Amino acid sequence: AGGLILVGVTALSLLLANSSFKEGYVQLWNYKVGGDSIVHWINDGLMAIFFLLIGLELKREMIDGKLSCIKTASFPVMGALGGMAVPALFFTLFNYGTQAQDGVGIPMATDIAFAVGILSILGSRVPLSLKLFLTALAVVDDLGAIMVIALFYSKSLDVQSLLAAFSILGILLVFNRLKVKSLIPYLIGGAGLWYFMLHSGIHATISGIMLAAVIPYGSNNAHSPTKILEHALHKPVMLFILPLFAISNTSIALGSDWISGFGQTYCLGIMSGLIFGKPLGIFLFTLIGTKLGLCNIPEDLRWRNIVGVGFLGGIGFTMSIFITILAYDNPMVVNNAKIAILSSSLIAATIGIILLNASLKKKTPVK
């Protein structure tokens, strides 16, 4: 449902940005509130909550989920590593030594809501192991994207703000060790953590991941703070925050020569990375890992299934657009890159669903 909503609001945003209302619509998102634009507050504020949810999901998967067992986790982890490394290589081949090379992280990301949503179109024909592979791959992919943001898209550091942020994080860690299970002190501390991270030079959304790391987790305990907060955030993030991010960041007014943007090296790097680099990297790294005995392909899957899912991994969208905003300052470059991301994601999704439709067994109707 989240993936379908993202498709809908993106189409609506592009339609409004290229209609007779385009001037007012585009200006709406740039309206200043408290000294910054609405889109800035969405990207630096609300998206921190999205990153908090990702952090909570990562924590769950690593403690008692699909990433808790090394043998089970190694196959999607190898896929995720290939799905980050090869697209980055494709992008670098087009952009090394140019001003656009900072966008190397753009084709490395997979949009989990879109990818899983597209896969669900095939219904019960999709084996559970394939769904788990794509989900785990996208989760690890998100972790990789977060590390890229933290390491390569931070500005000059403000040491005092950074020390204040880590002091709050330390206090919350003490609460964790003392087994304080009330969410209130963590949420209050999280607000302070976000504020100081915002002024530290490291992107403020990373505070969401940091907060998730210190919230207590109780295995097999439905009342643990981590599980309660994850459950509470899931629908607001998927049904409100991500659609708001999508609609505010795809208000792209297409000029008469917008197609010429596809010829820019950064657009070629993004498109080749998402459409070709993703499936190639996911397939090659899982195949090599299997041949070396580092992992095993699930018994009910075939390599052609992995190729199909590899193309679904080329659906970048949320994370790719987010990294674009961090990587580039020129509005024209940002818009061209966004168009390349949307086009690539559509092409990759189409190829992936066609390949999977052909490779998955048809269900025999019950007479």
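Computed quantities for the displayed model
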| quantity | calculated |
| --- | --- |
| Ranked by how many other beta carbons lie within 10 Å on average, peptides 45-57, 78-90 from highest | 78-90, 45-57 |
| In Hz, Karplus ³J(HN,Hα) per residue of segment 119-134 (6.51, -1.76, 1.60; θ = phi - 60°; x = Gly, Pro) | 4, 5, 4, 7, x, 6, 5, 7, x, 4, 4, 6, 4, 5, 4, 5 |
| Inter-centroid distance (Cα atoms) of segment 309-327 relative to segment 85-113, Å | 10 |
| Sequence-separation-based contact order of segment 192-255, relative, with Cα cut under 8 Å and 6+ spacing, percent | 15 |
| Relative frequency of Cα-Cα separations exceeding 20 Å in segment 142-276, percent | 62 |
| Fully extended contour minus Cα-Cα distance, from L132 to Y96, at 0.36 nm per residue | 9.4 nm |
| Segment 15-74 versus segment 212-286: alpha-carbon centroid distance in Å | 8 |
| Spatially proximal aspartates and glutamates relative to K235 (Cα-Cα < 18 Å; intrachain offsets below 8 disregarded) | E57, D111 |
| Highest-first arrangement of 324-330, 109-115, 122-128, 265-271, where packing means the average Cβ count within 10 Å | 109-115, 265-271, 324-330, 122-128 |
| CD proxy at 222 nm, helix term only [per DSSP H run n ≥ 4: -39500 (n - 2.57); per residue of the chain; nearest 500] | -21000 deg cm²/dmol |
| Segment 15-88, accessible area per residue, ligands and nucleic acids excluded (1.4 Å, Å²) | 48 |
| Cβ-Cβ FRET estimate between S20 and F240, R0 fixed at 35 Å, reported to 0.05 | 0.80 |
| Intensity falloff of segment 1-56 expressed as log10 I(q)/I(0), Debye formula with alpha-carbon point scatterers, at q = 0.12 Å⁻¹ | -0.39 |
| Proportion of all alpha-carbon pairs of the chain beyond 35 Å (%) | 24 |
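The values are calculated or read from the model by the stated rules, or taken from the named source; none is laboratory data. Quick caveat: nothing in here was measured; it's all calculated off a predicted structure. Using ideal geometry, Cβ is built from the backbone for each residue, glycine included, and neighbour counts are taken over all protein chains shown. To get the accessible areas, we keep the full protein, side chains included, count just its heavy atoms, and leave off ligands, DNA and RNA. Shrake-Rupley method; radii C 1.70, N 1.55, O 1.52, S 1.80 Å.
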